[in-house]
Amino acid sequence: MRITGIETHVLVGNLEGKSFGWSQRVTGTRQAALCVISTDAGIQGLGEAFYFGGPATVVSTLMRDGLGPLLLGCDPMDTSVIWDRLYNWTRDQGQKGLTISALSAIDIALWDIKGQALGVPVYTLLGGAYRHKARVYATGLYEPQGVPSIPAALVEEALGYKQAGFCGMKLKVGYDLRTDLSYIRAIREAIGPNLLLMVDANHAYNASEAIRLARGMEPYDVYWFEEPVPPEDLDGYLEVKRHAAMLIAGGECEYTRYGFRELINRRAVDVLQPDLCACGGFSEMQKIIAMAAAANLPVIPHVWGTSVGLSAALQLFAALPHFPERRFPAEPLFEYDRSPHPFRDGVTRERFAMRDGYLEIPDRPGLGVTLDLDFVRRFAG
């Protein structure tokens, strides 16, 4: 079997009055960059590149024109060989960021091809399933725009997640300490003491500010404090971690085993959050998880994007080991984005639906999903 081509799809959708903000910016659109890798055996693999800001056309061009020509004629089963070749080709200026996101999408698509060719889900190729469903928490609670009362709107959204059966939810913070604490207080009082509440500052603070916020959050039983400081500030992470009562999480803005090496070796976080569609795909994620397991450091992957990325993340999640292994291992959490999105769930023919707080992990070959091209064309950007 040989690779015969790569096609990319850029999707853009307006939020139509549902714009939302977080500590860094406000958005009124959602975008995505997908790739389809074709083979002479008639098998096609799907991949998605992590996108969060800037035009998705950039990462699409990297996939199609930068890395795509290097794939032609390769055996798609040679995922490690291809990964090393593509990384080495671009490593002088592409060790992080969009280049690795593009490489991630390609790698995911190759694993999809491997699973289909062998007739097994990707999680089987990763070593087998520790679990067949994922306990999900809701990612949402961004700052709504154009509403009479932001706290009231956030409380209404949080109560919706509680009613839907989520085990917990994540609130965006990072606006200023007083505003953050008012939102945290309102959400905790609304949802009660039994649901998990995580907060995410999207690296809005320096260490001293983050420590003040962490201390202020203590009465509200926050499970983890995500990205309190910029991703480059590992010493800041360590300082916050020394003074915070809750878990410190981070890693969605890091890339490859090389980027995660220091994050793991220095134990800068309590919870590691690599994103499959950003950090290097399945091939590289296996190495990151192995490094984390050697350090007994829990991995709860960051998940964002369309149902292509979601299906890939679920395959990974099935094969995610316990940290640590024991008779009654801790059940990991799976991030389920519920923020406004016009096309997230429709790009594949297969749809995902939470039941009783869980998402089922597809057991069909490869990623277990197929692209709905008619739907995709409606949002072509």
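The values are calculated or read from the model by the stated rules, or taken from the named source; none is laboratory data. Every value quoted in this text rests on a predicted model; they were computed, and no experiment measured them. Cβ placement follows ideal geometry from the backbone for every residue including glycine, while neighbour counts extend to all protein chains displayed. Only protein heavy atoms, including side chains, enter the accessible area calculation; ligands, DNA and RNA are left aside. Shrake-Rupley method; radii C 1.70, N 1.55, O 1.52, S 1.80 Å.
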Picked from the range 117-143 (must be assigned to a strand (DSSP E or B) and open to solvent by 30 Å² or more (accessible area, probe 1.4 Å)), the residue farthest from H302 (Cα to Cα) is E143
What is the residue count in the range 271-300 for residues that are open to solvent by 10 Å² or more (accessible area, probe 1.4 Å), touching a helix residue (DSSP H, G or I) at 6+ places or on another chain (Cβ under 7 Å) and not hydrophobic (A, V, I, L, M, F, W, C)?
1
Pairing a residue in the range 58-86 that is free of Cβ contacts under 8 Å to residues at least 60 places away in the same chain and under 20 Å from K114 (Cα atoms) with any residue that is open to solvent by less than 10 Å² (accessible area, probe 1.4 Å) and charged (D, E, K, R), where Cβ atoms lie under 9 Å and the two sit 6 or more apart in sequence or on different chains, gives I82/D107; L86/D107
Check the range 244-251 and report whether any residue there is in contact (Cβ under 8 Å) with a residue 60 or more places away in the chain, within 30 Å of G346 (Cβ to Cβ) and either under 13 Å from the mean Cα position of the chain (by Cα) or open to solvent by 10 Å² or more (accessible area, probe 1.4 Å) (or both).
no
Which of the following residues is under 30 Å from A353 (Cα atoms) and open to solvent by less than 40 Å² (accessible area, probe 1.4 Å): Y161, Y205?
Y161
Selection from the range 309-337 of residues that are crowded, with 21+ Cβ neighbours inside 10 Å, touching a helix residue (DSSP H, G or I) at 6+ places or on another chain (Cβ under 9 Å) and within 23 Å of K18 (Cα to Cα):
G309, E335, Y336
List pairs: first residue in the range 324-347 and at pLDDT 95 or above, second residue open to solvent by less than 40 Å² (accessible area, probe 1.4 Å) and of a type in the set (D, E) anywhere in the structure, Cβ distance under 7 angstrom, at least six positions apart or on different chains.
G346/D372; V347/D372
Within the range 7-44, how many residues turn out to be open to solvent by 30 Å² or more (accessible area, probe 1.4 Å), outside any loop (DSSP other than H, G, I, E, B) and among the hydrophobic types (A, V, I, L, M, F, W, C)?
2
